[in-house]
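What follows is a set of notes on a single structure, which appears directly below.
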Amino acid sequence: MKVIVLGAGIVGVTSAYELAKAGHEVTVVDRQPGPALETSFANAGEVSFGYCSPWAAPGIPMKAMKWLFMEHAPLILRPKIDAAMISWMIKMLSNCTSGRYAINKSRMLRLADYSRVSLAALRAETGIAYDERMQGTLQLFRTEKQLEASAKDVKALAADGIPYEVLDPEGCVRAEPALKHVREKIVGGLLTPKDETGDCFKFSNALALKAAEMGVTFRYGSIVRSIDVQGGKVRGVVTAHGRIDADAVVVALGSFSPLLVRPHGIRLPVYPVKGYSLTIPIVDAARAPESTVMDETYKIAITRLGDRIRVGGMAEISGYTNDLGEPRRLTLEHSVTDLFPGGDISKAAFWSGLRPMTPDGTPVIGPTKVQGLFLNTGHGTLGWTMSSGSARVIADLVSGRKPEIDATDLAIARYGAR
Ligand SMILES: Cc1cc2nc3c(=O)[nH]c(=O)nc-3n(C[C@H](O)[C@H](O)[C@H](O)COP(=O)(O)OP(=O)(O)OC[C@H]3O[C@@H](n4cnc5c(N)ncnc54)[C@H](O)[C@@H]3O)c2cc1C
């Protein structure tokens, strides 16, 4: 079958690879000159199969009110008269109940756990290197309240059989030795030892090369203008450089996915939530993290990527803009130097990206009401983590095979929009 994958971010590249493996003739189209140059470029580097939660959680509306007035706030809201923004926020708030949280978290964990297996298989068959480490994620609590609040996550991890360890401050220092210098700031931690870390940009580029060797065609520098649908069936796509025929199209355009499917009556509740990162060269390895440390106070992830520290986080709801705000940089600098001052901040690279967020935290993977038109998008905070499993699921669905995990509640139909 001729399959076009729209988007060469981590989700598009992994999808293209799995589709080629399934025997399809695959073309990837992206407006950028290479893979992973938008949101997949400099994310926080966590491959957090266990530390995987929807942002919409009980208590979040109250916390959000407080965050709006905090100096180093994890949430920044710039309201606009934008129907998509308002509708997304209402849907997100409606997911902040215990019941919805449990369902959403369980779905995310299912997909993330499948991604753990899929990524290991992919690594074994390709041998690609991407500054990967397998030393877990440590969620770090600075207050008793944070520690108590983690009980609901512990419950979900236990229910889903995901390995975890609740640590006291000494345990945190054992997991991350550089924390011994700031031991007095720590109340405890939650370690998910099966989690990994790695550079998403390096991985995407290496995998795109493997996919090209398998026969995948990459059309870079090509803006997709529209998806050609006739008689309820997909026929191809129209790009700035002409039309390409297809039997199936997989939309993996990150935050931009809703814009291309909307003309076909598909209302995809994916909205951009901006995040920021700093990449800092390490000058003192003894004061750098070994893996990922998630600073619960600022909701910031600090990750070791080879000889660099990547610190990323914050959620800014301000529409489709990549502006870099100096206060956000100061927040990242504050969090990283407070715990791991082993990098040269003066040489840090500052970046922002648009997380393609769904209101329930789970990506949208599966068919649409248009025959041959599939979605693999909305991976929000954890697209790097969930990409390998998502790619296998979409390759199976496009090929008419039953996915290895239950994927029925991952499709857009869960919003009642088919
Ligand atoms: C600060 C930050 C930290 C993060 N940290 C982590 C983390 O630690 N772990 C984790 O798992 N995830 C993390 N994420 C989330 C993760 O980066 C995203 O979920 C993931 O990159 C989304 O990948 P994607 O392929 O869907 O989107 P993208 O990478 O944005 O890819 C979409 C592609 O579509 C192309 N495109 C869009 N419109 C068009 C068009 N009209 N024509 C042609 N091409 C088009 C773009 O050029 C782009 O290449 C983080 C995100 C941010 C912002």
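Brief remarks follow.
- Residue-wise HN-Hα couplings along the range 355-365, as the Karplus relation 6.51 cos²θ - 1.76 cosθ + 1.60 with θ = phi - 60° gives them from phi, are 5, x, 9, 9, x, 9, x, 8, x, 10, 10 Hz; Gly and Pro carry x.
- Placed amide H near SER291: partners under 5 Å, 5+ positions off or other chain: ARG304
- Under 5 Å between amide hydrogens, built in the peptide plane, is the criterion, and for ILE76 it picks out ALA315, GLU316, ILE317 among residues at least 5 positions away or on other chains.
- Where only DSSP H runs of four or more residues are counted, the chain gives -10000 deg cm²/dmol as its mean residue ellipticity at 222 nm, each run worth -39500 (n - 2.57).
- Coordinate range of the alpha-carbon atoms in the range 1-138 per principal axis, descending: 49, 38, 31 Å.
- Options GLY127, ALA64, THR14, ranked by Cα towards positive dipole end of the range 1-135, top entry (Cβ charges): ALA64
- Those residues of the range 77-113 whose amide nitrogen sits under 15 Å from the label point placed on LYS402, 7 Å along Cα→Cβ: none
- Between SER87 and HIS241, the contour length at 0.36 nm per residue exceeds the Cα-Cα span by 52.0 nm.
- Entries in LYS21/LYS402; LYS66/LYS299; LYS194/LYS299; LYS145/LYS194; LYS63/LYS299 that, when Cα-Cα distance is taken, lie over 18 Å: LYS194/LYS299; LYS145/LYS194
- When the chain is reduced to its Cα atoms, the Kirkwood hydrodynamic radius in Å: 21.4 Å
- For THR239, the residues 5 or more places off, or on other chains, whose built amide H falls under 5 Å of its own are ARG225, ILE244.
- Given +1 at the Cβ of Lys and Arg, -1 at the Cβ of Asp and Glu and no other charges, the dipole of the range 287-382 around its Cα centre is 280 debye to the nearest 20.
- For ARG401, the shell of other residues with beta-carbons less than 15 Å away shows a net charge of -1, using +1 for Lys and Arg and -1 for Asp and Glu.
- Least to most buried among VAL154, VAL249, VAL261 (fewest other Cβ within 10 Å first): VAL154, VAL261, VAL249
- For LYS347, the aspartates and glutamates whose Cα comes closer than 18 Å to its Cα, not counting residues fewer than 8 places off in the same chain, are ASP284, ASP307, GLU326, GLU333, ASP338.
- Ordering LEU339, TYR415, THR362 by Cα displacement along the dipole of the chain toward the positive end leaves TYR415 in first place; charges were set at the Cβ atoms of Lys, Arg (+1) and Asp, Glu (-1).
- Local net charge near GLU326, Cβ-Cβ under 15 Å (Lys/Arg +1, Asp/Glu -1): -1
- In range of the label at ALA413: residues from the range 205-249 whose backbone nitrogen is under 20 Å from the point 7 Å along Cα→Cβ: 232-234, 248-249
- Fully extended contour minus Cα-Cα distance, from ALA121 to MET1, at 0.36 nm per residue: 40.8 nm
- Positive-end residue of TRP351, GLY389, LEU305, charge dipole of the range 302-418 with Cβ unit charges: GLY389
- Based on C-alpha pairs under 8 angstrom that are at least 6 apart in sequence, the chain has a relative contact order of 27 percent.
- Contour minus Cα-Cα distance for THR97 and ILE345 (0.36 nm per residue): 85.3 nm
- Proxy reagent accessibility, fewest Cβ within 10 Å first, across THR358, THR377, THR331, THR408: THR408, THR331, THR358, THR377
- Between LEU68, LEU397, LEU382, the Gaussian network model of the chain with springs among Cα atoms under 10 angstrom shows the greatest mean-square fluctuation at LEU68.
- Size of the range 180-308: Rg and Dmax of its alpha carbons, in Å, are 21.4, 66.
- Charge sum, other residues only, whose C-beta stays under 13 Å from GLU18's C-beta, Lys/Arg counted +1 and Asp/Glu -1: +1
- About its Cα centre, the dipole of the range 30-91 is roughly 280 debye, where the only charges are +1 on Lys and Arg Cβ and -1 on Asp and Glu Cβ.
- Distance between the range 173-233 and the range 34-98 - C-alpha centres, whole angstrom: 18 Å
- Using only side-chain charges placed at the Cβ, +1 for Lys and Arg and -1 for Asp and Glu, the dipole size of the chain relative to its Cα centre rounds to 1220 debye.
- Panel order for LYS105, LYS402, LYS155, by other beta carbons found within 10 Å of each beta carbon, from fewest to most: LYS402, LYS155, LYS105.
Each reported figure results from applying straightforward, stated rules to the coordinates on display, with no laboratory input. Since the model is a prediction, treat every value here as computed from it, not as a measurement. Cβ coordinates were reconstructed from backbone atoms using ideal geometry, including for glycine residues, and neighbour counts include every protein chain displayed.
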